[in-house]
1. Only one of these conditions is not met by residue 67: (1) at pLDDT 90 or above; (2) of a type outside the set (S, T, N, Q); (3) under 30 Å from residue 215 (Cβ atoms). Which number is it?
2. Only one residue in 485, 512 is in contact with a strand residue (DSSP E or B) (Cβ under 8 Å, 6 or more places away or on another chain), on the phi > 0 side of the Ramachandran plot, of a type in the set (Gly, Ala, Ser) and touching a residue at least 40 places away in the same chain (Cβ under 8 Å), so which one is that?
3. Looking at region 100-125, which of the residues that are of a type outside the set (A, V, I, L, M) and in contact with a Gly (Cβ under 8 Å, 6 or more places away or on another chain) is nearest to residue 503 (Cα to Cα)?
4. Checking the condition small (Gly, Ala, Ser), part of a helix (DSSP H, G or I), assigned by TED's automatic domain parsing to the domain that holds residue 29 and farther than 23 Å from residue 181 by Cα, which residue from 262, 210 passes?
5. Kindly list, by first and then second residue, each pair from a residue in region 518-538 that is touching a residue at least 40 places away in the same chain (Cβ under 8 Å) to a residue that is outside any strand (DSSP E or B) and surrounded by fewer than 11 Cβ atoms within 10 Å (Cβ to Cβ), limited to pairs with Cβ atoms under 9 Å and residues at least 6 apart or on different chains.
6. Could you pull out the residue among 229, 188 that is buried (at least 20 other Cβ atoms within 10 Å of the Cβ) and over 30 Å from residue 26 (Cβ atoms)?
7. Among the residues of region 451-501, count how many are more than 20 Å from residue 521 (Cα to Cα) and polar (S, T, N, Q).
Amino acid sequence: MRLRSWLVVSISAALLLAIGAVGISVNRSALRAAETVHRADTLALATNNGGLVEQLLLVSAKELNDFVTSRPLSLTPGDAGDRAALLEYASKSTFFTYGVVLTDLTGNPINATKPANMFPDQAAIGWKPLISGLALGRPGFSSLMTVKDTLVQAVAVPIVVGSDPVALIYGFIPVHKGQLQVYLEKLSDPSRLSLVVDAGGTVGASSDPAALGTLVDSEIIKKIGSDQSVFVTYRANGRSMIAAVHGGLPGGWAYVRTQSTATFDGPVRNRSLTINLALLTMLLVGVVGLAVLGYRSQLVRRRAEERFAALVEHAPDVVTVLDGDGCVVYSSPSGKRILGFVAVGSPVFDLLHPDDRQHVRDRFAALLTEKGGLERMQVRVVQSDGNHRWFDFTASNQLHNAALNGVVINARDITDSREMQDRLAHDAHHDPLTGLPNRRRLQERLTASLQDTPVGVLFVDLDGFKPVNDELGHEAGDELLRQVGDRLSACLRPTDVLARVGGDEFVLLLPGVVGGEDVDALATRLRVTIAAPFDVAGHEVRIGASVGLHLADPGEDPDEVLRTADQAMYAAKRGPDRPGRHRAG
């Protein structure tokens, strides 16, 4: 009897040890997979945010270029008209509120919004990356420079007449209230620090404003020039730190996301340690209490499952396991919280936006052919209310892994990031004041239409707009432009395009219009619409409009079409009270 009891104890202990070993092995595999995904997600996030920073830099250069292409300048040293134009532009600019400078191609000043001593010295080392960018035919972006205790960054583009550059225009951004600083403050997180640094490692934007103007660690500086996202480890204030660095941005700038190693690795490893401790506790309790092995083992196992569920219930990511057919066999509790329903038992493809399903099926089929393969994709997932949210999927083929036996998907909600990208893309093609398409978008639509369709083009210039600005102020002028945009939009067909291409200049595209009578009638209606009084800041305002039109045939050069319509507008402004007109061919 005693021998049988010892045999039962031995067998029971062996079974417990085997179960414990399997549990630790599964936890170790999950830890490795989670760490791999965590590091990959961090680098992907750094690459994504670095791309957003690059777009913001290029948008600033585009704004500068749009100003010089839409506002003729005399480029005569000290010209009062040029200085007034620069002052007006700086007051309205999204980026260059510190000031604007015109120089010749050798850097000699022509005009500026402030005295010369209010701008960086020409010998400052921060000019070097800007000069290098201009030399390569691209917009120039400087490193940080200090002017009377104010940190600024310079952006420069050439002023081109004909096809040759004749001068340079520099815009200066006060970094403490620039768009990059506003963007990073929105990303503020007490556990990590997001930075944008220049080529020398000086912080030009930070989720912590106190870090502006400081120098990052030398290990980070070594990686600033890399155009790939990389990890950098270093020590700061006695703590081990880890940073994700995405360099290669215009002007040698880089995006950096840094935090302590403890906060980076802690959530994943602490969870694994907790589970290991739970398993060891189970083994100890089982060996000591073999008399109640069945009951105690079931109780402890149930508690372990509840403990694991508590660990993942509030995780921001959704962990899902699929079988070989793509059906959900497991979904972490966070899936129900985010999506609003339990997905277990459903084919994962039915949970996706219809436009994404075939693409995901193809990627899933390819993943099944590769043992241990990894796929990354961004897809839209349906919620219980019928809306869709963007998720970043990292899928790992673990069908060969007996502990997992499925395709493991780590899904992270990136809807806010995608919306930021969409907003940046929209801002790059639309006028920030009126919300109408800008000159760039107009060029794209006109080029596409002229491939196989005649297009009526109306160039509208407001008469009497400048006195409104002078008498009532720029804010009233801006409100007037918005109301003009609304009125012009109400006159168009769904297929027509209205764009704002300059200060008080608008262009209308009428695809498919070949008859001059229709265009003349529309031009007259536009002039009558604009002539009606406006209510601006409590004042009745009356203005007029000069309209030039051009009927373009398929295959015409888009730039020539716009120039012809512009010339017709000037002819209308000088001629009788009717729209200027030009017919192609």
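The values are calculated or read from the model by the stated rules, or taken from the named source; none is laboratory data. Since the structure is predicted, the reported quantities are computational estimates derived from the model, not experimental observations. Every residue, glycine among them, receives a Cβ derived from its backbone with ideal geometry; neighbour counts consider all protein chains shown.
1. Evaluating residue 67 over (1) at pLDDT 90 or above; (2) of a type outside the set (S, T, N, Q); (3) under 30 Å from residue 215 (Cβ atoms) leaves (3) as the failure.
2. Numbers: 485 fails: on the phi > 0 side of the Ramachandran plot.
The match here is 512.
3. First, pick out the residues of region 100-125 that are of a type outside the set (A, V, I, L, M): 103-104, 106-109, 111, 113-115, 117, 119-122.
With the extra rule that they be in contact with a Gly (Cβ under 8 Å, 6 or more places away or on another chain), the set shrinks to 111, 113-114, 119-120, 122.
Numbers: 111: 21, 113: 19, 114: 23, 119: 27, 120: 30, 122: 32 Å.
Among residues in region 100-125 that are of a type outside the set (A, V, I, L, M) and in contact with a Gly (Cβ under 8 Å, 6 or more places away or on another chain), the one nearest to residue 503 (Cα to Cα) is 113.
4. Values: 210 fails: farther than 23 Å from residue 181 by Cα.
None of the others qualify; the one that does is 262.
5. Close Cβ pairs satisfying both conditions: 527/577; 529/490.
6. Numbers: 188 fails: buried (at least 20 other Cβ atoms within 10 Å of the Cβ).
It is 229.
7. Residues that pass the stated criteria total 4.
Residue-wise test of (1) in contact with a Lys or Arg (Cβ under 6 Å, 6 or more places away or on another chain); (2) modelled with pLDDT of 80 or more; (3) not β-branched (Val, Ile, Thr).
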{"site": "335", "(1), (2), (3)": "no, no, yes"}
{"site": "342", "(1), (2), (3)": "yes, no, no"}
{"site": "346", "(1), (2), (3)": "no, no, yes"}
{"site": "350", "(1), (2), (3)": "no, no, yes"}
{"site": "355", "(1), (2), (3)": "no, yes, yes"}
{"site": "358", "(1), (2), (3)": "no, yes, yes"}
{"site": "363", "(1), (2), (3)": "no, yes, yes"}
